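What follows is calculated from the coordinates using simple rules that are stated; it is not laboratory data. Just so we're clear, the structure is a prediction, and the values are computed from it rather than from any experiment. Positions of Cβ are generated from backbone atoms using ideal geometry, with glycine treated the same way; all protein chains shown enter the neighbour counts.
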Amino acid sequence: MITIFPNVLSPQEVSQLLVGLRGTPFADGAATAGEQIRQVKKNLQLQAGMPGYDGAFRTVVRGIERCEDFRRALFPLLMAPLAFNRYDEGMEYGAHNDMPVINTPDRGPIRADISFTLFLCDPTSYDGGELVIDQGGHEQGFKPTAGSLVAYPSGAIHRVAKVTRGTRMAAVGWLQSMIRRPEHRSMLYDLGQARTHLHSLEGKSAQFDALARIYANLMREWTEL
């Protein structure tokens with residue numbers, strides 16, 4: 001399940017974030033990659049503990065916390081520290097899947113169910129740089145407007161296409177969801193949307209109560225805390 005959330009950050013937040021990031025030194029992204037994928041990771045990275053990280057992290061988290069659809073679709077339980085990636089001309093990240101377990105400084109290891117990329121640059125300001133996700137042998141590229149977030153299963157093979165002009169910046173993160181299986185998250189999201197729509201039409205009717213009961217019971221069945 002790949003989901004796009006537009007306007008997670010406002011244009012003003014994106015602009016302020018970019019001003020800070022452009023004045024911050026980034027490190028070689030390959031240094032944080034596992035041995036098997038280090039050779040295909042060609043980018044620059046700002047991560048927890050580096051100067052400039054904390055303010056950027058808070059801005060992104062505030063935007064995510066405001067996004068009701070993010071919560072309704074992904075059922076976030078735990079989030080690993082973000083990384084901010086920079087791709088200058090000629091940089092790319094080859095095909096890979098993300099680590100299944102990520103160590104966090106405050107909660108220990110978490111299971112990575114969902115990865116996300118929050119795009120920070122105007123897509124017309126750079127060429128290439130698409131987030132390309134493999135969907136069963138068919139690749140789909142994503143290059144949304146600045147402030148938009150693309151979420152996808154952490155086990156999906158994905159890559160960042162080579163940037164051929166300009167600079168691409170993004171925040172990337174990983175979630176452990178209360179609902180482990182993506183098909184269950186998709187079903188609950190659709191059911192929740194139907195429940196909300198039915199309530200807008202009928203209020204608290206018998207049909208609404210029946211649908212709400214099904215939703216609640218599926219949550220009990222599938223939730224892992």
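Here the Karplus curve 6.51 cos²θ - 1.76 cosθ + 1.60, taken at θ = phi - 60°, turns the phi angles of segment 19-26 into couplings of 4, x, 5, 5, x, 10, x, 9 Hz, with x standing for Gly and Pro.
If you count Lys pairs in the chain whose Cα atoms are under 26 Å apart, skipping same-chain pairs closer than 8 places in sequence, the total is 5.
Here the chain is treated with +1 on each Lys and Arg Cβ and -1 on each Asp and Glu Cβ, and its dipole about the Cα centre works out to around 240 debye. Mean projection of the Cα convex hull over all viewing directions, computed for segment 27-171: 8.7 nm². Taking amide H as placed 1.01 Å from N in the peptide plane, residue 135 has its amide H under 5 Å from the amide H of 140, each at least 5 places away in sequence or on another chain. Extension gain, residue 139-residue 2: 0.36 nm per intervening residue step, less the Cα-Cα distance, totals 48.1 nm.
Give the angle, between 0 and 90 degrees and rounded to the nearest 10, that separates the Cα long axis of helix 206-222 from the longest principal axis of the Cα atoms of the chain. Once rounded, one gets 50 degrees. Summarising the amide proton neighbourhood of residue 126: residues at separation of 5 or more, or on other chains, whose placed amide H is nearer than 5 Å comprise an empty set.
Simple spin-label estimate for residue 191 and residue 89 gives 5.3 nm between the two label positions (7 Å along the Cα-to-Cβ direction from each Cα). Here the Karplus relation 6.51 cos²θ - 1.76 cosθ + 1.60, evaluated at θ = phi - 60°, turns the backbone of segment 159-168 into coupling constants of 7, 10, 5, 4, 7, 9, 7, x, 10, 10 Hz, with x for every Gly and Pro. The translational diffusion coefficient of segment 182-222, from Stokes-Einstein at 25 °C and 0.890 mPa s with a Kirkwood hydrodynamic radius over alpha carbon pairs, comes to 238 µm²/s.
With the simple spin-label model, which puts each label point 7 Å out from Cα in the Cβ direction, the residue 104 to residue 15 separation comes to 3.3 nm. So what's the gap between the Cα centers of segment 147-194 and segment 1-49, to the nearest angstrom? Here the two parts' Cα centres lie 15 Å apart. With the Kirkwood sum run over all distinct C-alpha pairs, segment 126-225 has a hydrodynamic radius of 16.6 Å.
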